[in-house]
1. Which one is surrounded by the most Cβ atoms within 10 Å (Cβ to Cβ), of the residues in segment 287-308 that are touching an Asp or Glu at 6+ places or on another chain (Cβ under 9 Å) and more than 15 Å from SER206 (Cβ to Cβ)?
2. Can you say whether PRO293 is farther than 22 Å from ALA199 by Cα, within 16 Å of the ligand (Cβ to nearest atom) and not aliphatic (A, V, I, L, M), as far as the supplied structure shows?
3. Condition (residue is within 16 Å of the ligand (Cβ to nearest atom) and basic (Lys, Arg)) applied to segment 197-207: is it met by at least one residue?
4. I'd like the full set of residues that are more than 17 Å from ARG328 (Cβ to Cβ), among the polar types (S, T, N, Q) and either within 12 Å of the ligand (Cβ to nearest atom) or not in a helix (DSSP H, G or I) (or both), limited to segment 93-130.
5. Do any residues in segment 39-61 that are more than 19 Å from ALA139 (Cα to Cα) and of a type in the set (Val, Ile, Thr) have Cβ atoms under 6 Å from those of residues that are within 12 Å of the ligand (Cβ to nearest atom) and at pLDDT 75 or above, where the two are at least six apart or on different chains, and which pairs are they?
6. Of the residues that make up segment 326-341, is at least one part of a strand (DSSP E or B), among the basic types (Lys, Arg) and modelled with pLDDT of 95 or more?
7. Between THR189, THR270, which is over 22 Å from GLN51 (Cβ atoms), hydroxyl-bearing (Ser, Thr, Tyr) and away from the ligand (no atom under 16 Å from the Cβ)?
Amino acid sequence: MSNSIGNIFRVTSFGESHGPCIGAVIDGCPAGLRLDFAILQHELDRRRPGQSQVATTRMEEDRLEVLSGVYNGITTGAPLCMLIWNRDQDSSKYDELQVKPRPGHADYSAQVRYGGFNDHRGGGRFSGRITAGFVMAGAVAKQLLYETLGVEVLAHTVSIGGVQAPRVSLEEIRGKTESTSVRCPHAPTAEKMIAAIEAARQSGDSLGGEVECIVSGLPAGVGQPVFDTLEGDLSKALFAVPAVKAVEFGTGKRLASMRGSAANDAYKLTDGMVTTASNHSGGILGGVSNGMPLTCRVAFKPTPSISLPQNTVDLGGMKEVELTLSGRHDPCVVPRAVPVVEAIVAMVLADHALRRGLVPQVLERKPS
Ligand SMILES: Cc1cc2nc3c(=O)[nH]c(=O)nc-3n(C[C@H](O)[C@H](O)[C@H](O)COP(=O)(O)O)c2cc1C
């Protein structure tokens, strides 16, 4: 089984879409971190459905409850258990999908994997809702990274349904991402993305897209070659997010068609510090951070559940049939996935920073 990730900052994900709750346990979070619960809730609200017309209309309240590992608002070093309760669930439509699996979703593969014992309601463990647990753990990781190292993890939408955003500055990403419902800081592009999602929704279809994540302030020297490289561990964790189909770092697969002279990031000195003139490597060399911003792009496929008729197989009668879905689904998961990408990146980096000894296991001594 593999619902846990991380060596020291170890996150375990639990819960199913239509079970009682969804959450995460962090074992190994340093003692002495003062948690800002308003920020934790804010991160969950960014992921929550029903935020805008580009997301599903399901209303999930997603009020965070912290059950253990915190005393007087400060982490104790004991397992930190966090959850939200599942409330606005309609399981009535999901029995049919055990017999007629949705193309593009995990209904069929999950049934085969678990001998049909999996909780299929709402997609069960394969639902986008499990990412709420990732966001809780990631929000703690973000606070830990910021408090101890000044590391900032920021993601934003760079494409939806083929509509590409132009490159914008870090200041614009920081200041404007949350001001558009698709989380694209470039407002004119955001409008085109919203129109594309609306058109897809109207025709019963869905869209995919890409999220870029930029990590600033990560010191050089973080990463554990050869099997626990930063790229390897980040990719593994990012692929736990439903609908992720590709992850690239820096200039990514476009490096394959460049020459070494253009692809290499030349070293230079900035205020006496070793930096690079370009950042095609995305801040990672040899699986280890080099002190430049860590950049990665995460590609999401179009939401599988669409209302257009689709071909599937009736597993009861073993015949080919047509499936028409109803229900409340995101026409594009990308805007809601932005805080999820930040969370996953933060939890992996928190673990690696602890492994490297950059973050202590006790943050401050309690005054006696
Ligand atoms: C935030 C988020 C929300 C999602 N919402 C839906 C949804 O409403 N309907 C749906 O069919 N898939 C949704 N998905 C995607 C499916 O869960 C995913 O495609 C499915 O589990 C199959 O896994 P795979 O695409 O990684 O192979 C969502 C994913 C994320 C990250």
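The values are calculated or read from the model by the stated rules, or taken from the named source; none is laboratory data. As the structure is a prediction and not an experimental result, all values here were calculated from the model. All Cβ positions, glycine included, derive from the backbone under ideal geometry; neighbour counts span all protein chains shown.
1. Only one residue fits best here, namely VAL298.
2. no
3. Yes, segment 197-207 contains at least one residue that is within 16 Å of the ligand (Cβ to nearest atom) and basic (Lys, Arg).
4. SER109, ASN118
5. Between residues of segment 39-61 that are more than 19 Å from ALA139 (Cα to Cα) and of a type in the set (Val, Ile, Thr) and residues that are within 12 Å of the ligand (Cβ to nearest atom) and at pLDDT 75 or above, the close pairs are VAL54/PRO335; THR56/PRO49; THR56/ARG328; THR56/HIS329; THR56/ASP330; THR57/ARG328.
6. Scanning segment 326-341, I find no residue that is part of a strand (DSSP E or B), among the basic types (Lys, Arg) and modelled with pLDDT of 95 or more, so the answer is no.
7. Details: THR189 fails: over 22 Å from GLN51 (Cβ atoms).
Selected residue: THR270, the only one of THR189, THR270 that is over 22 Å from GLN51 (Cβ atoms), hydroxyl-bearing (Ser, Thr, Tyr) and away from the ligand (no atom under 16 Å from the Cβ).
For (1) in contact with a strand residue (DSSP E or B) (Cβ under 6 Å, 6 or more places away or on another chain); (2) within 16 Å of the ligand (Cβ to nearest atom); (3) in a strand (DSSP E or B); (4) not acidic (Asp, Glu), each residue gets a yes or a no:
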residue	(1), (2), (3), (4)
ALA132	yes, yes, no, yes
VAL135	no, yes, no, yes
PRO166	no, no, no, yes
ILE173	yes, no, no, yes
ARG183	yes, yes, no, yes
CYS213	yes, yes, yes, yes
